[in-house]
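This report refers to the structure that appears directly beneath it.
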Amino acid sequence: MRARVVLLNGSFGVGKTTVALALKKLLAGSVIYDPECTGPWLRRAARWLPLRGSATDDFQDMPSWRRSAILGTRLAHVVRAGPVLVPMTFHNIHYYREVWGGIRSFEPTARAFCLIASLERIRERLRKRGTDPDGDWIRRRVQECVAAHVDDRFGERVATEGRDVDAVVREILARIEGADLLGLTHD
């Protein structure tokens with residue numbers, strides 16, 4: 001596998017982390033780097049530091065978060081021999097392009113996949129994991145993601161609805177291996 005970074009985009013509740021965990025078991029030396037973990041830390045730091053974008057309810061509005069997503073992925077890329085699996089939720093195309101472009105600047109063979117499912121299926125998955133899909137913030141974000149992810153610019157679309165994790169993982173691996181044979185990557 002030539003792709004040393006695999007970005008998994010998709011709505012909250014679509015299965016990004018589950019797919020990343022399954023891929024990690026199959027890809028020797030791989031690591032999961034979840035940039036969303038730095039968001040809450042940056043929001044707390046904004047109480048003491050003047051961080052742009054910190055006044056909104058989405059840490060992705062913070063340029064410092066977007067830079068940290070790129071830098072964290074790069075650090076994981078440098079210290080690990082295997083692929084870096086990066087689960088992230090983007091619905092803002094400008095933020096996606098900024099982070100994706102930053103990743104591609106140091107790893108041109110990186111691949112981006114966008115896991116998709118219907119709004120109803122995502123709401124069901126959120127309920128099963130104990131997240132209230134009717135909360136104002138999560139309801140709004142899930143709706144924005146489902147609407148945005150019909151656009152292929154958010155990554156190569158991979159349907160997850162009605163499929164088990166193994167089927168989704170096999171499809172991603174087949175696409176990566178097929179593209180490696182042909183020398184293709186996603187822009």
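Laboratory data are not the source of any read-out in this text; all were calculated from the coordinates shown. As the structure is a prediction and not an experimental result, all values here were calculated from the model. Virtual Cβ from ideal backbone geometry, glycine too; neighbours counted across all protein chains shown.
The Cα atoms of segment 5-182 give a gyration tensor whose axes a ≥ b ≥ c have a/c of 1.5 or more with a/b no greater than b/c, which makes the shape oblate. Cross-link reach is defined here as a Cα-Cα straight distance under 12 Å, omitting same-chain residues fewer than 8 places apart; for Lys25 the aspartates and glutamates meeting it are Asp166. With both labels modelled 7 Å from their Cα along Cα-to-Cβ, the Glu120 to Glu177 distance reads 3.5 nm. Note on Cys37 and Arg127: the model spin-label points, each 7 Å out from Cα along the C-beta direction, lie 3.1 nm apart.
Put a dot 7 Å past the Cα of Arg157, heading toward its Cβ, do the same for Ile93, and the two dots end up 1.4 nm apart.
I want the local charge near Phe106. Using Cβ-Cβ distances under 11 Å, sum +1 for each Lys or Arg and -1 for each Asp or Glu among the other residues. Result for the neighbourhood of Phe106: +2. Annotation: amide H of Glu156 within the under-5 Å range of Ala112, Phe113, Cys114, sequence separation 5 or more or interchain, hydrogens built in the peptide plane.
Ranked by the mean number of other Cβ atoms within 10 Å of their residues, highest first, the peptides 62-70, 134-142, 82-90, 6-14 fall in the order 6-14, 82-90, 62-70, 134-142.
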